[in-house]
Amino acid sequence: MKVKSEIDFTIKDIIAHAKEYGFVYPSSEIYDGLQAVYDYGPYGAELKKNLKDLWWQAMIKLNENVVGLDAAIFMHPLTWKASGHVDSFNDPMIDNKDSKKRYRADVLIEDKAAELEADGKADEAQALVKEMGRLLDAEDLAGVKQLIIDNGIKCPISGTANWTDVRQFNLMFSTEVGSVSEDANKIYLRPETAQGIFVNFLNVQKTARMKVPFGIAQIGKAFRNEIVARQFIFRMREFEQMEMQFFIRPGEEKKWYEHWKAIRMKWHQALGIPAENLRFHDHDKLAHYADAAVDIEFKFPFGFKEVEGIHSRTDFDLGNHQELSKKKMQYFDPEINKNYVPFVIETSAGADRLFFMLLCNGYKEEEVGEGEKVKTRTYLKFHPALAPVKAAILPLVKKDGLPEIGRKIFDDLKYDLNLIYEDSGSIGKRYTRQDLIGTPFCIAVDYESKDDDSVTIRYRDTMEQERVKISDLKSKIEKEVSIKNIFDQL
Ligand code: ATP
């Protein structure tokens with residue numbers, strides 16, 4: 001059996017598969033789509049929901065001191081002043097005058113650095129990224145343009161270096177509340193879920209009687225007007241975040257930063273991602289709120305890219321909200337008899353990027369069969385706890401009492417498991433359809449089932465088959481798909 005290695009298939013294979021088998025569709029496709037916006041189909045919606053549930057439960061059930069929150073997307077506009085997003089949530093953009101294509105200036109430079117590194121010029125690459133960081137920190141946009149020119153960076157489309165000046169572009173979407181369009185009514189679609197947590201810090205601390213250290217977890221939509229949106233659901237304009245802010249005593253940030261770094265890396269591995277396809281990447285240029293920041297990166301078919309950020313945010317957010325709202329954001333710590341504004345460690349994962357990671361990691365093509373009968377089998381290897389459909393009930397034929405047995409199994413299991421029932425078509429084709437959506441177990445009901453009250457389970461990953469008593473099915477499958485299998489590894 002030959003297994004296609006992860007670099008043999010491309011992102012195109014995955015996008016096509018995701019569309020064809022009901023995972024991800026371009027938004028409003030009948031109108032030719034909307035750039036960087038996507039809809040999740042039946043199996044995609046299930047997979048994403050399972051992923052989000054797992055994250056939520058891992059945060060809340062496994063950590064006694066983490067509680068949940070569901071804050072609104074719209075927030076008071078001063079929130080975004082305090083958070084720094086109005087003034088600094090910008091990306092530097094640059095246009096090529098010949099191709100009329102727009103780029104992120106920092107991405108052009110980082111791509112150049114990656115090229116240098118690939119050519120064995122690691123020192124030059126590092127110096128280039130460092131210089132870019134210095135120029136951006138100093139808000140020297142003319143300097144950034146000069147750096148692009150000096151390094152011979154050309155537009156990949158036109159092949160020229162005929163660049164416009166670099167300009168800052170704010171990534172927040174704005175809209176208006178109420179019927180009168182005045183400036184005072186301008187509000188933003190939140191670019192991150194974190195601020196909903198910060199403004200509710202005291203509400204949660206008091207009403208849930210939390211003691212520092214404690215965390216608040218939230219899952220929700222975020223919106224960014226990304227300059228260059230590409231690579232499918234990797235960079236979207238509307239996406240979902242799973243964020244947890246952990247409030248700590250000032251001075252303890254190093255300890256908790258390391259703690260959450262380790263926990264989050266383990267979590268990704270527990271989903272079934274091999275350790276060698278994950279890595280930490282320390283930030284060269286820190287965001288406006290952070291004193292330390294690291295990304296967890298996954299090896300996508302287009303290279304190692306961020307799926308989650310872990311940031312030490314100090315008291316930046318609570319401090320600024322305190323200043324602007326004039327409301328105290330302090331916590332009285334009875335253990336040390338002191339009032340303080342807590343420091344924060346944030347873990348911030350993108351649900352869509354993790355979904356994409358699961359697709360890329362799970363997509364398998366194998367050659368099966370012998371001689372002339374060799375064919376390619378494609379399947380999605382999801383952890384059973386995450387798989388959109390847990391089992392398919394497949395009576396061999398649609399007669400002779402087999403559908404009745406199948407229906408009875410379906411009815412017994414349907415309250416606990418997401419199932420598919422199908423009793424027509426060849427069994428081989430039905431197995432293939434389940435492989436393509438990543439169903440871990442197929443349950444075939446045959447003529448013998450009538451006599452021995454047993455069925456055959458066919459396993460997705462190995463294609464092995466096993467005879468099992470119908471009365472044992474529920475406990476067997478439930479054990480395999482339980483999220484406890486993932487929790488046990490954390
Ligand atoms: P990037 O450098 O890729 O733009 P970022 O550093 O701005 O990401 P954060 O602000 O740290 O990202 O957001 C936390 C997480 O949210 C990211 O790790 C990613 O998983 C997700 N995320 C951010 N922007 C997007 C987007 N445009 N589309 C999908 N997911 C996103």
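The values are calculated or read from the model by the stated rules, or taken from the named source; none is laboratory data. The shown structure was predicted, so the numbers you read here are calculated from the model rather than taken from an experiment. Cβ coordinates were reconstructed from backbone atoms using ideal geometry, including for glycine residues, and neighbour counts include every protein chain displayed. Accessible surface areas use protein heavy atoms only, side chains included; no ligands, DNA or RNA. Shrake-Rupley method; radii C 1.70, N 1.55, O 1.52, S 1.80 Å.
Would you check if there is a residue in the range 200-222 being within 12 Å of the ligand (Cβ to nearest atom), touching a Pro at 6+ places or on another chain (Cβ under 9 Å) and open to solvent by less than 60 Å² (accessible area, probe 1.4 Å)?
Taking the range 200-222 and keeping what is within 12 Å of the ligand (Cβ to nearest atom), we get 219-222.
Next, only the ones that are touching a Pro at 6+ places or on another chain (Cβ under 9 Å) stay: 222.
Now narrow it down to the ones that are open to solvent by less than 60 Å² (accessible area, probe 1.4 Å): 222.
The answer is yes; a qualifying residue exists.
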Every residue in the range 429-447 that is closer than 18 Å to H383 by Cα and in a loop (DSSP other than H, G, I, E, B), please.
G438, T439, P440
Hey, A387 open to solvent by less than 10 Å² (accessible area, probe 1.4 Å) and under 30 Å from F300 (Cβ atoms) or not:
yes
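For the range 47-89, which residues satisfy the criterion of being closer than 21 Å to F355 by Cβ and in contact with a helix residue (DSSP H, G or I) (Cβ under 9 Å, 6 or more places away or on another chain)? Even if it seems obvious, please write down each step before you answer.
Just the residues of the range 47-89 that are closer than 21 Å to F355 by Cβ, to begin with: 47-60, 68, 70, 73.
Within the range 47-89, L47, K48, L51, K52, L54, W55, Q57, A58, G68, D70, I73 qualify.
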Restricting to the range 319-335, and then to whatever is part of a strand (DSSP E or B) and open to solvent by less than 60 Å² (accessible area, probe 1.4 Å), can you tell me which residue is farthest from the ligand (Cβ to nearest atom)?
D333
Checking G133 against (1) within 16 Å of the ligand (Cβ to nearest atom); (2) modelled with pLDDT under 95; (3) in a loop (DSSP other than H, G, I, E, B); (4) not β-branched (V, I, T): exactly one of these is not met. Which one?
(3)
Which of the residues spanning the range 308-318 are buried (at least 22 other Cβ atoms within 10 Å of the Cβ) and in a strand (DSSP E or B)?
E308, I310, H311, S312, R313
What are the pairs with Cβ atoms under 7 angstrom where one residue, in the range 225-236, is modelled with pLDDT of 95 or more and of a type in the set (F, W, Y) and the other, located anywhere, is more than 9 Å from the ligand (Cβ to nearest atom) and open to solvent by 20 Å² or more (accessible area, probe 1.4 Å)? Sequence gap at least six, or different chains.
none
Looking at I233, I263 in this structure, which one is near the ligand (Cβ under 10 Å from one of its atoms) and either part of a helix (DSSP H, G or I) or under 30 Å from I73 (Cβ atoms) (or both)?
I233
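Can you tell me which residue is least open to solvent (accessible area, probe 1.4 Å) among those in the range 134-173 that are within 28 Å of E192 (Cβ to Cβ) and among the polar types (S, T, N, Q)?
Filtering the range 134-173 down to residues within 28 Å of E192 (Cβ to Cβ) leaves 134-141, 144, 166-173.
Keeping just the survivors that are among the polar types (S, T, N, Q) gives 168, 170.
Working: Q168: 81, N170: 47 Å².
Only one residue fits best here, namely N170.
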Is it the case that some residue within the range 167-181 is in a loop (DSSP other than H, G, I, E, B), over 29 Å from M329 (Cα atoms) and either within 15 Å of the ligand (Cβ to nearest atom) or aromatic (F, W, Y) (or both)?
no
Looking at E365, is it within 14 Å of the ligand (Cβ to nearest atom) and on the phi < 0 side of the Ramachandran plot?
no
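Among K399, K414, K390, which is the only one that is free of Cβ contacts under 8 Å to residues at least 24 places away in the same chain and under 27 Å from D53 (Cβ atoms)?
Numbers: K399 fails: under 27 Å from D53 (Cβ atoms); K390 fails: free of Cβ contacts under 8 Å to residues at least 24 places away in the same chain.
Exactly one of K399, K414, K390 is free of Cβ contacts under 8 Å to residues at least 24 places away in the same chain and under 27 Å from D53 (Cβ atoms), namely K414.
Do we find that E243 is of a type outside the set (K, R), at pLDDT 95 or above, open to solvent by less than 10 Å² (accessible area, probe 1.4 Å) and within 12 Å of the ligand (Cβ to nearest atom) in this structure? Explain how you work it out, then say what you get.
Numbers: of a type outside the set (K, R): yes; at pLDDT 95 or above: yes; open to solvent by less than 10 Å² (accessible area, probe 1.4 Å): yes; within 12 Å of the ligand (Cβ to nearest atom): yes.
Considered against the rule, which asks whether it is of a type outside the set (K, R), at pLDDT 95 or above, open to solvent by less than 10 Å² (accessible area, probe 1.4 Å) and within 12 Å of the ligand (Cβ to nearest atom), E243 comes out as yes.
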When you scan the range 12-80 for strands (runs of 3 or more DSSP E) that lie fully inside it, which ones turn up with 2 or more residues that are over 15 Å from the mean Cα position of the chain (by Cα)?
24-26, 66-69
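Check whether at least one residue in the range 85-107 is under 29 Å from the mean Cα position of the chain (by Cα), part of a strand (DSSP E or B) and among the basic types (K, R), and report yes or no.
Going residue by residue through the range 85-107, those that are under 29 Å from the mean Cα position of the chain (by Cα) are 85-94, 101-107.
Filter once more, keeping what is part of a strand (DSSP E or B): 90-94, 102-104.
Filter again for among the basic types (K, R), leaving 102, 104.
Yes - at least one qualifying residue is present in the range 85-107.
For residues that are under 14 Å from D315 (Cβ atoms) and away from the ligand (no atom under 16 Å from the Cβ), scanning just the range 246-260, find the one that is surrounded by the fewest Cβ atoms within 10 Å (Cβ to Cβ).
Keep residues of the range 246-260 that are under 14 Å from D315 (Cβ atoms), which gives 246-253, 256.
In the following step, the residues that additionally are away from the ligand (no atom under 16 Å from the Cβ) were identified as 247-253, 256.
On the way: F247: 26, I248: 20, R249: 18, P250: 12, G251: 9, E252: 15, E253: 20, W256: 19.
Top of the filtered list is G251.
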Mind checking which residues of the range 261-282 are open to solvent by 40 Å² or more (accessible area, probe 1.4 Å) and farther than 17 Å from L490 by Cα?
E276, R279, F280, H281, D282
Condition (residue is closer than 30 Å to W267 by Cβ and open to solvent by less than 20 Å² (accessible area, probe 1.4 Å)) applied to the range 394-408: is it met by at least one residue?
no
Among the residues of the range 336-347, how many are open to solvent by 50 Å² or more (accessible area, probe 1.4 Å) and among the hydrophobic types (A, V, I, L, M, F, W, C)?
1
Please verify whether the range 283-304 includes one or more residues that are open to solvent by 70 Å² or more (accessible area, probe 1.4 Å), within 16 Å of the ligand (Cβ to nearest atom), out of contact with any His (no Cβ under 9 Å at 6 or more places or on another chain) and in a strand (DSSP E or B).
yes
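In a loop (DSSP other than H, G, I, E, B), modelled with pLDDT under 95 and either in the same structural domain as D70 (by TED's automatic domain parsing) or more than 16 Å from the ligand (Cβ to nearest atom) (or both): is that true of P191 in this structure?
Numbers: in a loop (DSSP other than H, G, I, E, B): yes; modelled with pLDDT under 95: no; either in the same structural domain as D70 (by TED's automatic domain parsing) or more than 16 Å from the ligand (Cβ to nearest atom) (or both): yes.
Answer is no for this residue.
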